[in-house]
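Every number here is computed from the coordinates shown, using simple stated rules; none is lab data. All of these numbers come straight from a predicted model, not from anything done at the bench. Here Cβ is always computed from backbone atoms with ideal geometry, including for glycine, and neighbour counts include all displayed protein chains.
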Amino acid sequence: MQTRKLGPFDSSAIGFGGMCLSHAYGTPPDQETAAAVLHKALDLGCTHIDSAALYGFGANETLIGNVLSGRRREFILITKGGMFRNAQGQREIDGRPEMIRKNCEESLQRLKTDVIDLYYLHRWDKRLPIEESVGALSDLVKEGKVRTIGLSEVSAATLHKAHAVHPLTALQTEYSLWTRNAEVAVLEACRELGIAFVAFSPLARGLFGGRLRDVSSLPPKDIRLAMPRFQGEHFAKNLSLLDGLSGVARESGCTMAQAALAWVLAQGEHIIPIPGTTRLDHLEENARAEQVHLSPAAIARLNELINPSTVSGARYNPTVQQEIDTEEVVLR
Ligand SMILES: NC(=O)c1ccc[n+]([C@@H]2O[C@H](COP(=O)([O-])OP(=O)(O)OC[C@H]3O[C@@H](n4cnc5c(N)ncnc54)[C@H](OP(=O)(O)O)[C@@H]3O)[C@@H](O)[C@H]2O)c1
């Protein structure tokens, strides 16, 4: 696979997001299937494996540690802390230095490694200045527990403040045809500062794959059920966007998922999409998206079809939205 700069690393242009192997969408696959997907990702040349303490409340890191520790040198090991399961079994955001350290040490154990290549603060804990949490990440670098650091879902202003404390390797934020908030300021801020922009949920949490047509079939724990864009009339309107996407994909000789990924790749050389999947066929399809060339006319057509004025509904519900620190695009 072609590579893109990720701080001191050369990352495959398309990375792999591990979340749905343990958490989030539908029912997670069994361990054997999940292991086959992880091995296949490396076999296909994907060198960017993304996890978090949050995913499966540690289960995703344990899976990656168990399955890939024998292939540790073949990939960039990436995980996140500062959002995790607390002692009451609830999801919690806590960016205090002592908690970041505890999270990191637990992740190292689960991942069966002595150093994490890129360690993100999963969410800025707004009770503290960002400088304090980034200072804690910087200490982990000095101690050799992590090689480089990054942030997730922060504004350009926060990014600048953090980068002044310790150089950041990456900002990970949602970005796709249907989530354009990063275009307000952070894509440009990353480019200026030499920070890689890692685009999560590049397939609109599965919508652009075209298989999810009926949300009533999703199990109650599926996190999409709590997202306005997957609810009621919003979902019906958003589904109708797929007609245009499939037309552009057909004309470009690729699938809808590949067109959506190729669009992300075309938005800047510093952008690395990290689709997730539980299926070997989808993994191959996604990896091949780096070879898809979208013409300027195809890109213009996609921008016209899927943009903040054609997408219906907010990406998060108001409670989760409060945890985010991005310049938001106001949707209809
Ligand atoms: N920093 C953060 O706060 C944050 C938040 C969310 C996610 N992330 C990271 O970003 C990664 C990706 O996010 P995501 O999982 O939401 O990404 P996504 O790629 O937008 O969505 C994944 C969904 O798309 C489906 N899919 C994937 N490839 C497909 C294909 N070729 N055809 C049809 N369907 C396809 C998958 O279903 P199948 O299993 O059936 O393929 C899965 O349900 C996560 O794994 C995680 O590492 C970070």
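Taken about its Cα centre, the range 5-162 carries a charge dipole of roughly 140 debye when the Cβ of each Lys and Arg holds +1 and the Cβ of each Asp and Glu holds -1.
When Rg and Dmax are taken over the Cα atoms of the range 255-328, they come to 14.7, 39 Å. The range 152-207 has equivalent-ellipsoid semi-axes of 22, 10, 9 Å, by the square roots of 5 times the alpha carbon gyration tensor eigenvalues, sorted largest first.
Is there a pair in LYS40/LYS80; LYS40/LYS221; LYS5/LYS80; LYS80/LYS237; LYS5/LYS161 whose C-alpha atoms are over 25 Å apart, and which pairs would that be?
The answer is LYS40/LYS221; LYS80/LYS237.
The residues ASP114, ASP10, when put in order of fewest to most other Cβ atoms within 10 Å, stand as ASP114, ASP10. Annotation: the antiparallel percentage among DSSP beta bridges lying fully within the range 87-244 is about 5.
From the square roots a ≥ b ≥ c of the eigenvalues of the alpha-carbon gyration tensor of the range 180-264, which class results: rounded (a/c under 1.5), prolate (a/b over b/c), or oblate? It comes out oblate by the Cα gyration axes. Applying 0.36 nm per residue to the separation of SER246 and ALA164 and subtracting their alpha-carbon distance, the gain on full extension is 25.2 nm. Phi angles across the range 32-40 convert, under the Karplus curve 6.51 cos²θ - 1.76 cosθ + 1.60 with θ = phi - 60°, into 3J(HN,Hα) values of 5, 5, 4, 5, 4, 5, 5, 4, 5 Hz, Gly and Pro given as x. Counted residue by residue at 0.36 nm each, then reduced by the alpha carbon distance between them, the extension gain from GLN88 to ARG213 reaches 41.4 nm.
Each principal axis of the Cα cloud of the chain was evaluated for its coordinate range; sorted largest first, these ranges are 52, 40, 39 Å.
About its Cα centre, the dipole of the range 267-317 is roughly 200 debye, where the only charges are +1 on Lys and Arg Cβ and -1 on Asp and Glu Cβ.
In the elastic network of the chain, a GNM with C-alpha springs shorter than 10 Å, the most mobile of ARG71, ARG85, ARG180 is ARG71. Between the listed residues ILE271, PHE235, SER176, the Cα displaced farthest toward the positive end of the dipole of the range 171-295, a dipole computed from Cβ unit charges relative to the Cα centre, is found at PHE235. Dipole size of the chain about its Cα centre, with +1 on Lys/Arg Cβ and -1 on Asp/Glu Cβ: approximately 280 debye, rounded to the nearest 20. Between the beta carbons of LYS40 and LYS126, assuming R0 = 41 Å, the FRET efficiency works out to 0.60 to the nearest 0.05.
Note on the chain: antiparallel DSSP beta bridges, both residues inside, total approximately 25 percent of the bridges counted. Its alpha carbons give the range 94-201 an Rg and a Dmax of 13.6, 40 Å.
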